[in-house]
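The values are calculated or read from the model by the stated rules, or taken from the named source; none is laboratory data. All figures in this text were calculated on a predicted structure; none of them were measured in a lab. Backbone-built Cβ (ideal geometry, glycine too); neighbour counts: all protein chains shown. Side chains included, ligands, DNA and RNA excluded: accessible areas come from the protein's heavy atoms. Shrake-Rupley method; radii C 1.70, N 1.55, O 1.52, S 1.80 Å.
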Amino acid sequence: MLRILAGLIGLTLLAALVGAGGLLYVLYEYGRDLPDYRQLANYEPPTVTRVHAGDGRILAEYATEKRVFVPIEAIPLRVRNAFLAAEDKSFYSHPGISFASIGRAVVTNIVNIGRSRRPVGASTITQQVAKNFLLTNEVSIERKIKEAILAFRIEQAFTKDQILELYLNEIYLGFGSYGAAAAALNYFNKSLDELSISEAAYLAALPKAPNNYHPLRKYEAAVARRNWVIGRMLEDGRIGDRDAIAALAEPLEVRRPDATQPVQAEYFAEEVRRELVSLYGDDKLYQGGLSVRTTLDPRLQDIAQRALREGLVSYDRRHGWRGPLSRIELEAADWQKKLAEMEVPPGTEPWQLAIVLALTDGNAELGFADAGRGTLLFAEAKWARAWREEQKVGGTPKSIAEIVSPGDVILVEPVTGDAEGTAYPPASFALRQMPDVDGAVVALDPHTGRVLAMSGGFAYERSEFNRAVQAKRQPGSAFKPIVYLAGLDSGFTPATLILDAPFVVDQGPGLAKWKPANYTKKFYGPTPMRVGIEKSRNLMTVRLAQTIGMEKVAAYAERLGVMSDMPEQLSMSLGAGETTLMDITTAYAMLVNGGRRITPTLIDRVQDRHGATVFRHDLRECAGCRNAIWSGQAPPELPDEREQVADPGSAFQIVGMLRGVVQRGTGIRINSLGLPLAGKTGTTNNNVDTWFIGFAPDLAVGVFVGFDEPRTLGPKDTGSNVAAPVFKTFMGEAFADRPTVPFRVPPGIRLVRLNAETGQLAVAGDRKVFLEAFKPGTLPSGEKVIIDGGYNPSGERPASGTGGLY
């Protein structure tokens, strides 16, 4: 008996030794080439870079994986409990693997033999961390062994909370969501601390197979799995009976992030993205979790986009109907299907595609892809005169039949009444047309250079080309204030008389003489400098440029950032060079801010994933700005470190002259707003490019309108009736119900009453009198000095471009 007992003990010891040896061999064999688990200590997962507007709302997100990293301390207990109940209830007590779970899995898999079911796993959260971070998804015993070894090692190196933090920020939960925080946003449009028990339980039901519990396509399975998690939470004592009953009764409702909540500013966002890439590279942008606060003012951005679209549509309507988008034979039984398959032109919302079914009672009957019906009113299509070459139009249509025919596919917009308030019948529509012209608007703070709004075209979906910063076009007469500023800094005044008379330059053998002319083709004799800019007189501008020298004009153009290396030729004084809307608007901003240099910026601040500021536009130090409590102390004063690029007095004089453009000159249509506004129109030869650049005391705005492939806008289309209306709409809405301030007068400036016609001191009986700004020592003396500029300066070759007209 003793021998038998001794033999059994010996066999047991031998088996134990063999088992231990086998275990040691397995640990050695599978553990020697494992990844270094210590790298998890420096884990920085790819996280989303978020770009915010100035009010904090989301403008754009950039990521390879939509993940929001949240430290374990910030993850609510109910969320942690839900995942622990669903995935690993003994997480805080096991050493990395759960032997009880392994036993249950072994039994279940034996029972399932022959049933063609996928083997059941028993992975703990620690094992899932090992697999997700360090191994592959291969289904094999070898991988499970490696996973278990790594789990043991991870448990020795990290705390349980650290492991859970890694898990909750890494797992994929469907809907493009990496990590629990991203899933909370994508499924319920909530932050983690806003989730209910039911919602947290649903997220915890997803790690194994998100697609199997899709809340829309597989609603019943999703609810059943969520309820199972709630039951596990109750069974484990993580919630009470009352909470469980309420959670089970709560419907599973998906609330995707509101599409209208983010700010719509695609051109602005793309320019920010390009700048971030140049600063930090693609990897940092798409994986670095940057937090970017931009300068964008959503209210002004909305106004800019709307004003530009309305301006482009208005211009397009004035220049005729180019015909239907397509045609569908009405005899075909499937016209409705064909209409549904047609692509709606991008950027035309809320316009709709419709087909003309018949012409009845002076209107047109419309059909829609959804089987709806409507009426195109002739009153809302009368604008559709036939388009002609050179942007000319035919006669006013007499009937709807001159505009559309049955089978035409057109764009329409629902309307409820006319401009006078007369109501239309239900299902009435107006004819619409996608403009083929385009343009841009930019608005910035003239004191800081912060870009508050930017729209680079009619629709980003139609063209990603940003005409505010990428289009280099001739500014035409919008360049003239640069010439006049150089003249004022040269000692002249707004009252200086300049000869408005024929000007001819011999360009050399074999070349035609250059003969610039005014838009009106008239000559006005000696005229005050102010009138030259108000009425946009080309001949006066050329004479002033000739007098002060084009080298000085070129220097001022470069100093103000309008253009670099400008040819020193007289035609450049009329805007024959090329610049961008952003650059010339920034130059105007430096006029109204007193001649101080600013640099346009779209980004205020960039923070890294840890909250450290890595970029600031304003680098000035302000110790007083960091006071946490206000106790009656004066606000801190920041040093003004901006470079002075123009004399403040000269800059103010230009502001006054540009104010005259709005009050009496080419921008007079803007004066009806009754606001302190100034600016300048710009139009190039053959009316190809149109501009209006202007400002209020604290807001600079630029507008450009033209075809992407330069061609005439029409024989009567200039900056004053194409671009200026967009500026007027923008400023009118921007300052609606908002206080305004007058233009600031710099020290030393004297405001003197002048005769508007002669430019001399006003006397009793003068009718056209206004206040003119003079720098010290430059008041009119009564002596008339006229700038004539000379007719044929030797060696000068002015005509290298078309130049500005109006």
The summed charge of the Leu754 Cβ neighbourhood (under 12 Å; Lys/Arg +1, Asp/Glu -1) stands at +1
Tell me the per residue accessible area of the range 483-622 using a 1.4 Å probe; a whole number in Å² is fine.
36 Å²
Give the Cα extents of the range 187-299 along the principal axes, in whole Å, largest first.
54, 32, 28
Ellipsoid semi-axes in whole angstrom, largest first, where each is sqrt(5λ) of the Cα gyration tensor of the range 503-614
38, 17, 12
Pairs of alpha-carbon atoms within less than 8 angstrom and 6+ residues apart define the contacts here; what relative contact order does the chain have, in percent?
12 percent
So which lysines can Lys522 reach, going by Cα to Cα under 26 Å and dropping same-chain residues fewer than 8 places off?
Lys392, Lys480, Lys513, Lys535, Lys680, Lys716, Lys768, Lys784
For the range 600-744, just list the percent of Cα-Cα distances falling in each 5 Å bin from zero outward, please.
2, 8, 13, 14, 13, 13, 12, 10, 7, 5, 2, 1, 0
How tilted is helix 550-559 with respect to the longest principal axis of the chain? Cα atoms for both, answer in degrees (0 to 90, nearest 10).
30 degrees
Let me check against my output: what whole-number percent is the relative contact order of the range 300-416, with C-alpha pairs under 8 Å and at least 6 apart?
34 percent
Answer with one residue from Ser326, Ala307, Gln264: the one whose Cα lies farthest towards the positive end of the charge dipole of the range 223-360, charges on Cβ with Lys, Arg +1 and Asp, Glu -1.
Ala307
How much of the accessible area of the chain, probe 1.4 Å, is carbon plus sulfur, in whole percent?
53 percent
Rounded to the nearest 10 degrees, the helix 648-664 long axis (Cα) sits at an angle to the longest Cα principal axis of the chain of 80 degrees
Given 10 Å bins starting at zero, what is the percent of C-alpha pairs of the range 375-433 in each, up to the one with the largest pair distance?
21, 48, 27, 4
Would you mind working out the magnitude of the charge dipole of the chain relative to its Cα centre, with +1 at each Lys and Arg C-beta and -1 at each Asp and Glu C-beta, to the nearest 20 Debye?
320 debye
Quarter of the Cα convex hull surface for the chain, i.e. its orientation-mean projected area (nm²):
54.4 nm²
Sparse-neighbourhood loop hits (GluC sites (Glu not before Pro), the range 191-291; DSSP loop; Cβ within 10 Å at most 14 others) -> Glu253
In the range 197-229, the trypsin sites (Lys or Arg not before Pro) that sit in a DSSP loop and have at most 14 other Cβ atoms within 10 Å of their own Cβ are Lys208, Arg217, Lys218
Among trypsin sites (Lys or Arg not before Pro) in the range 728-761, those in a DSSP loop whose Cβ has at most 15 other Cβ atoms within 10 Å are Arg744
Residue by residue through the range 751-765, which ³J(HN,Hα) values in whole Hz follow from phi under the Karplus form 6.51 cos²θ - 1.76 cosθ + 1.60 (θ = phi - 60°), with glycine and proline marked x?
9, 10, 6, 10, 7, 5, 8, 9, x, 9, 4, 6, 10, 4, x
Regarding the range 370-521, what's the average projected area of the Cα-atom convex hull, expressed in nm²?
18.6 nm²
Which residues' amide hydrogens lie under 5 Å from the amide hydrogen of Ser326, considering only partners 5 or more residues apart or on another chain, with H built in the peptide plane?
Val409
Quick check for you: with a 1.4 Å probe and neighbouring chains kept, what is the accessible area per residue of the range 170-329, in Å²?
45 Å²
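Packing-wise, with mean Cβ within 10 Å as the measure, how do 53-62, 306-315 rank, highest first?
306-315, 53-62
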Taking Cα atoms, how many degrees apart are the long axis of helix 2-31 and the longest axis of the chain, rounded to 10 and kept between 0 and 90?
10 degrees
Among Gly532, Val553, Met582, whose Cα projects farthest towards the positive end of the dipole of the range 524-610, with charges put on the beta-carbon of Lys, Arg (+1) and Asp, Glu (-1)?
Gly532
